[in-house]
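**Student:** Quick one: the structure is below, questions incoming.
The values are calculated or read from the model by the stated rules, or taken from the named source; none is laboratory data. Only a predicted model underlies this, so the values are computations on that prediction, with no experimental measurement involved. Virtual Cβ from ideal backbone geometry, glycine too; neighbours counted across all protein chains shown. Areas reflect the complete protein model, heavy atoms only, side chains present, ligands, DNA and RNA absent. Shrake-Rupley method; radii C 1.70, N 1.55, O 1.52, S 1.80 Å.
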Amino acid sequence: MRRWMTKTYSPVLAVLWNLLLAYLVYQTARLAYYLENSDYLSYSWDIFRGGLLFDTSAILYTNILYVMMMLIPWYKKENNTYHLICKWLYMVVNGLALAINLADAVYFQYTMRRTTTTVFQEFSNEGNLGSIIGTEFLNHWYLVLLFVVVMLLLWYCYARPHLDGRTLHAPNTWRYALTCQLSFIAFLPFCIAGMRGGFTTAVRPITVSNANQYAARPVDAALALNTPFALIRSIGKNVFVVPQYYSNEEEMSRIYSPIHTIDTIPPIKKNVVILIVESFGREYIGALNKDLEDGKYKGYTPYVDALISKSTTFRYSFCNGRKSIDGMPSILSSIPMFVEPFILTPASMNDYTGIAGILGKEGYETAFFHGAQNGSMGFQAFAQKTGFQRYFGRTEYEAAKGTKDFDGTWAIWDEPFLQYYAEQMSQMKEPFMTAVFTASSHHPFVVPESYQQQFPEEHLSIQKCIRYTDMAIGKFFETASKQPWFEHTIFVLTSDHTNMSDHDYYQTDLGGFCSPIIIYEPSRPEGQMIDKIAQQIDILPTVLGMLGYQKPYFGFGIDVLNTPKEDTWAVNYLNGVYQYVKHGCVLQFDGQKTKGFYSLQDSLMQHNLLHQSSTVSRQQQMEQELKAIIQQYMERMTQDRLSVLK
């Protein structure tokens, strides 16, 4: 077969054969994607079938120039030089597609989704990507080897015409031109239909969210997709589209409104300190998993466990996104991630603020701390936008302490940086509001050389880093407890998102969003776990409630401490599906219809209760509530109404 195809005298057959090879390349990449993430993903016939649809679109988008060059009805192009150019174009395009699919297989465990074009904005200010990519090349050498083998096979199996344009006779030239023209004409409608995802005029061009049609769970939608398609389909797209679930603003606001007023307690001038701990998922914390492993699970956070014994926590607590740039707006501005990271969308230019801006107007001194390079991840710009008066990054730290504490990749090690954080707060005028974003539990998951014996490698590479950061947090509170401001401070500890997992519960669609929310007041050291649902976007309203803030303000979350248990809820977005947690249930809604409905007690999400008569009324109620949340979000994003005045 290979001998016949590589010796073919037909440009049309050569194109068809080579496009078939491209399909095999994409399916090979999908299989590698699955095997790399088999703890999270499930492969099925529907995934394969949907994959062909998205692969067709991506292959046609990326290979259209190649096909046009091959089918141009100009017989003089039939020479070795021209076809060598065509072959190299084909190899580069499909090699690049294979490379980004394989690279995304590694990145998936951190985001649970296919990468879109927002990734270029997300890492635009990072100067350490070269070393990180180099580390991943070494850690995933088998994917590099797979890439090399597939590319060698692709080069070997590539088919090219062996026509000689210089020796074609007139009849053959005429027949050649007609064949190419007819093939090109036939290719055009197929190309358009393939890119759009169907032939009928009723078919809208497929997008990333269409992958949910082929996935039993939202997380599996990533497997049906391919990364070139996700990148292409997100170029210049309008991220926020306003649905028309409610035509009456008053009716929608009765169900849900992000405008808050507080008049419950007299105002209290307490300091507010928010610790956003990199990748510090709930799974790693023993005190929040007392039933895990039949009660034998100890976790990796003895210092935070001790803190929890004196703090308020929640039976269920979630992050609102899967990236660091999702955590910042969720925690500090009560803005969740829907569709794409808020910071990377045009809506980030809207008029909005955050807890720093709100408290700054009440006389608070505010500051944000992040030990990475200033400007990293866009945090400095976001901090300034939301009202932080001062910013302390790696530049400020090294100006004061020198360069010895830089981890060589991302930031200042957590232990010295958290000590610096405590020192700087002792120099601030009370009341103050500060936030710190740690970095040491970030990929590539290393600890300082002096701690490598104390925190050796464990089952997951992140676990030793969690232990190190937990120790750093413990030392921070030890230092803070000696400061005069400590007793009249509200501390909130949470994570930006979750990360690597080795327990089934935390690998489900919902489990991948389980983050701790810990509220500690030294003046009230009674520990309690409240039987409520909490999420990152609740932190701003809850803290303002604790302070007795009296003015109207904007926030998508709720004051979870002053809200009845039955009215607490959480929402997140995964691969085109909204997950809404309330009333002891989990609703999965794709924007048009409900795809899944589970009991919150069904921790592994194994029993879909969709359309069961006993749950229909609750499902309908949750759909109404979620639709109001989504429409409020989309309208306010597109209409620049992210403040009370708007």
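**Student:** Name the residue from Gly357, Asn374, Ala400 whose Cα lies farthest towards the positive end of the charge dipole of the stretch 288-412, charges +1 on Cβ of Lys and Arg and -1 on Cβ of Asp and Glu.
**Tutor:** Of the listed residues, the answer is Ala400.
**Student:** Quantify, in whole percent, the carbon and sulfur part of the accessible surface of the stretch 445-543 (1.4 Å probe; protein heavy atoms only).
**Tutor:** The value for the stretch 445-543 is 48 percent carbon and sulfur by accessible area.
**Student:** Count the net charge of all other residues whose Cβ sits under 13 Å from the Cβ of Gly299, scoring Lys and Arg as +1 and Asp and Glu as -1.
**Tutor:** -2
**Student:** Hey, could you get me the Stokes-Einstein D for the chain, Kirkwood radius over alpha-carbon pairs, 10 °C and 1.306 mPa s, rounded to whole µm² s⁻¹?
**Tutor:** Calculated translational D: 59 µm²/s.
**Student:** Per-residue accessible area for Phe417 at 1.4 Å probe radius, Å² rounded to 10?
**Tutor:** For Phe417, the solvent-accessible surface is approximately 10 Å².
**Student:** If you count only protein heavy atoms with a 1.4 Å probe, what accessible area per residue comes out for the stretch 472-529, rounded to a whole Å²?
**Tutor:** Accessible area per residue, the stretch 472-529: 33 Å².
**Student:** Related question: What does the charge add up to near Leu71, with Lys and Arg as +1, Asp and Glu as -1, over the other residues with Cβ less than 13 Å from its Cβ?
**Tutor:** Every neighbour counted, the sum reads 0.
**Student:** Let me ask something additional. Charges at C-beta only: +1 for Lys and Arg, -1 for Asp and Glu. How large is the resulting dipole of the chain about its Cα centre, in Debye rounded to 20?
**Tutor:** Approximately 2340 debye in magnitude.
**Student:** Can you give the net charge of the other residues whose Cβ lies under 12 Å from the Cβ of Ile490, counting K and R as +1 and D and E as -1?
**Tutor:** Residues close to Ile490 contribute a combined charge of +1.
**Student:** Between the stretch 516-551 and the stretch 51-70, how far is it from one alpha carbon centroid to the other, in angstrom?
**Tutor:** That distance is 52 Å.
**Student:** Highest mean first, how do 471-483, 447-459 rank when packing is the count of other Cβ atoms within 10 Å averaged over residues?
**Tutor:** 471-483, 447-459
**Student:** A follow-up question, please. Eigenvalues of the Cα gyration tensor times 5, then square-rooted: what semi-axes does that give for the stretch 407-493, in whole angstrom, largest first?
**Tutor:** Ellipsoid semi-axes (Å, largest first): 27, 12, 11.
**Student:** Enumerate the amide H contacts of Phe369 below 5 Å, restricted to partners 5 or more residues apart or on another chain; note that Pro and chain-start residues carry no placed amide H.
**Tutor:** Result for Phe369 returns Phe392, Ala435, Val436, Phe437.
**Student:** Counting only heavy atoms of protein chains, what accessible area per residue, in Å², does the stretch 314-421 have with a probe of 1.4 Å?
**Tutor:** Averaged over the residues of the stretch 314-421, the accessible area is 30 Å².
**Student:** Based solely on its DSSP helices, what 222 nm [θ] is calculated for the chain when runs of n ≥ 4 H residues each add -39,500 (n - 2.57) and the sum is averaged over all residues, nearest 500 deg cm²/dmol?
**Tutor:** Taking each H run of at least 4 residues, the total per residue is -13500 deg cm²/dmol.
**Student:** Okay, next question. Roughly how tilted is helix 80-111, in degrees to the nearest 10 and between 0 and 90, from the longest Cα axis of the chain?
**Tutor:** It is inclined by approximately 20 degrees.
**Student:** Over the stretch 266-414, with every protein chain in place, what whole percent of the accessible area is carbon and sulfur at 1.4 Å, could you tell me?
**Tutor:** It is 51 percent, rounded to a whole number.
**Student:** Further question on the same structure: Of Lys401/Lys429; Lys482/Lys565; Lys385/Lys627; Lys269/Lys482; Lys290/Lys627; Lys296/Lys464, which sit over 26 Å apart, Cα to Cα?
**Tutor:** Result: Lys482/Lys565; Lys385/Lys627; Lys290/Lys627 exceed 26 Å.
**Student:** Could you point to the residue in Met529, Tyr553, Gln612 farthest towards the positive end of the stretch 515-646's charge dipole, with +1 and -1 charges on the Cβ of Lys/Arg and Asp/Glu respectively?
**Tutor:** Sorting the options by dipole projection puts first Tyr553.
**Student:** Also, I was wondering about something else. What's the ranking of 18-29, 526-537, 400-411 by average number of surrounding C-beta atoms within 10 Å, highest first?
**Tutor:** In descending order of packing, they fall as 526-537, 18-29, 400-411.
**Student:** Where does helix 414-425 land angle-wise versus the long Cα axis of the chain, in degrees 0 to 90, nearest 10?
**Tutor:** 50 degrees
**Student:** Tilt of helix 141-157 relative to the longest C-alpha principal axis of the chain, in degrees (0 to 90, nearest 10)?
**Tutor:** Helix 141-157 and the main axis of the chain meet at about 20 degrees.
**Student:** Compare the Cα positions of Leu223, Asn271, Thr409 along the charge dipole of the chain (+1 at Cβ of Lys, Arg; -1 at Cβ of Asp, Glu; about the Cα centre) and return the one farthest towards the positive end.
**Tutor:** Towards the positive end, the residue furthest out is Leu223.
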